[in-house]
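The values are calculated or read from the model by the stated rules, or taken from the named source; none is laboratory data. What you see is a predicted model; the values in this text were computed from it and never measured. Reconstructed Cβ throughout: ideal geometry from the backbone, glycine too, with neighbour counts over all protein chains shown.
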Amino acid sequence: MSEKPRGRILRQSELPVIKRATGVTSQPLVMPERGSTNLTVGVSTFEHGAVIPLHSHNVEEAITMLEGEAVAIIDGEEHLVHPYDTTLVPPGVPHHFRNDSGKQMRFLWTYGGGHVTRTYAATGETVEHLSADDIRIATEAG
């Protein structure tokens, strides 16, 4: 008999932060390694001028702006997003965020799956979300 899943508290102060690219850090919060089966959630911080290259995912992604402003490019259209604006990006739709604000920008990301991949538009290369290859590609592009 399998053990019943249990709820838990994930404390931000106890979880590692990943340097993803020049001026970009991410902190995964909810993920399969921490007991999730259907969600992947975290926070990313972009310094002024920071950007992750245009990409898409294999699952839905919702991003809620927490601090600062960003330009969200979704399926070729630019949108200015402010705190608590939330984007919803379907699987396979190219998107990225750019911080042109002159201040730090922070957002909460939520993926509708425990297994998340990122496909970079420029190369078509698909990598595991926040893997060493993902970080390498984002760093080389920035």
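Things to note:
- Count of region 103-124 residues which are of a type in the set (S, T, N, Q), assigned to a loop (DSSP other than H, G, I, E, B) and farther than 15 Å from residue 45 by Cα: 1
- For region 45-78, filtering for residues that are free of Cβ contacts under 8 Å to residues at least 24 places away in the same chain and over 19 Å from residue 102 (Cα atoms) leaves 4.
- Residue check for residue 92: at pLDDT 95 or above and in a loop (DSSP other than H, G, I, E, B): yes
- Odd one out for residue 36 among (1) buried (at least 20 other Cβ atoms within 10 Å of the Cβ); (2) closer than 20 Å to residue 117 by Cα: (1)
- Matching residues in region 67-89 - criterion: being loosely packed, with under 15 Cβ neighbours inside 10 Å and touching an Asp or Glu at 6+ places or on another chain (Cβ under 6 Å): 82
- Within region 115-141, residues that are closer than 18 Å to residue 89 by Cα sit with their Cβ atoms under 6 Å from residues that are surrounded by 18 or more Cβ atoms within 10 Å (Cβ to Cβ) and small (Gly, Ala, Ser), at 6+ positions apart or across chains, in these pairs: 119/56.
- The criterion of at least 3 residues that are of a type in the set (S, T, N, Q) is met, among strands (runs of 3 or more DSSP E) falling completely within region 17-60, by 24-30, 40-46.
- Failed item, numbered, when residue 17 is tested on (1) touching a residue at least 12 places away in the same chain (Cβ under 8 Å); (2) surrounded by fewer than 18 Cβ atoms within 10 Å (Cβ to Cβ): (1)
- Qualifying residues in region 125-142 (those that are in a strand (DSSP E or B) and not polar (S, T, N, Q)) - the one surrounded by the most Cβ atoms within 10 Å (Cβ to Cβ): 127
- Residue satisfying all of: in region 39-66; β-branched (Val, Ile, Thr) and modelled with pLDDT of 95 or more; surrounded by the most Cβ atoms within 10 Å (Cβ to Cβ) among these: 40
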